[in-house]
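Any read-out appearing in this document is the output of simple, stated calculations on the displayed coordinates, not a laboratory observation. Every value quoted in this text rests on a predicted model; they were computed, and no experiment measured them. No Cβ is skipped: glycine too gets one built from the backbone with ideal geometry, and neighbour counts run over all protein chains shown.
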Amino acid sequence: MNRIRIVFLLFALMLTVNNYAQSAMEKLPFSEIEAYPETYTSNLLVARMVDGLGFRYYWATDGLRKEDLEYKISESSRTSKETIAHIYGLSKFIRNSVLEDNKDETKEELDFNDLRKQTLFNLKLVSDSFKNSKDTFMFNDISVPFWNIVNGPISDALWHCGQVVMLRRASGNPFNSKVSVFRGKLRE
């Protein structure tokens, strides 16, 4: 009987450790923006723009409820979830336009948690690529000018993050008041 208890306890301990490890590995990026670098380069400026987008998206989508995701202002408007899916599509376009390999080729429809996670990881990959590159990105191999990516999908995604914040307020679940978009972290 003791042997069965020991095996059971070991099994329970392994499950707990595994769940904890998965939770630690699944920590989503952009709950705060990293400290800014000492220098200014074109790559670091673009990375910081993407970081700002990631931070705003993280907090705009944090703690959304089912009723928030289904909420829309009018019959002809998008729901919050449809807006979030659109932001995911923009993050995918940005990632696939900027990165030569490691593209997001997801074809299936994602649930909210996967949309949120994949959007944040797409943005993190793009930001890290800019931060870690020693060379200035030239973007000669993409089908549109890089400037169009800045004023197109990056700016559009920022716009839609604001819509998600407005929709969540309207559905009774306001944006976390401790978020400081100026400092890129939560106020204490």
> Most exposed first by the Cβ proxy, i.e. fewest other Cβ within 10 Å, how do SER31, SER91, SER42 rank?
Replying inline: SER42, SER31, SER91
> To the nearest 0.05, how large is the calculated FRET efficiency for GLU67 and GLU100 if R₀ is 41 Å and r is the Cβ-Cβ distance?
Replying inline: 0.50
> When a footprinting reagent is the concern and you count Cβ atoms within 10 Å, what order do LEU123, LEU115 take, fewest first?
Replying inline: LEU115, LEU123
> Relative contact order of the stretch 32-186: what whole-number percent is it, with Cα pairs under 8 angstrom and at least 6 residues apart?
Replying inline: 40
> the stretch 145-188 to the stretch 28-45: how many Å between their Cα centroids?
Replying inline: 17
> If each residue's Cβ is checked for other Cβ atoms within 10 Å, how do SER97, SER74 rank with the fewest at the top?
Replying inline: SER74, SER97
> Which of LYS81/LYS117; LYS27/LYS117; LYS27/LYS134 have a Cα-Cα distance over 18 Å?
Replying inline: LYS27/LYS134
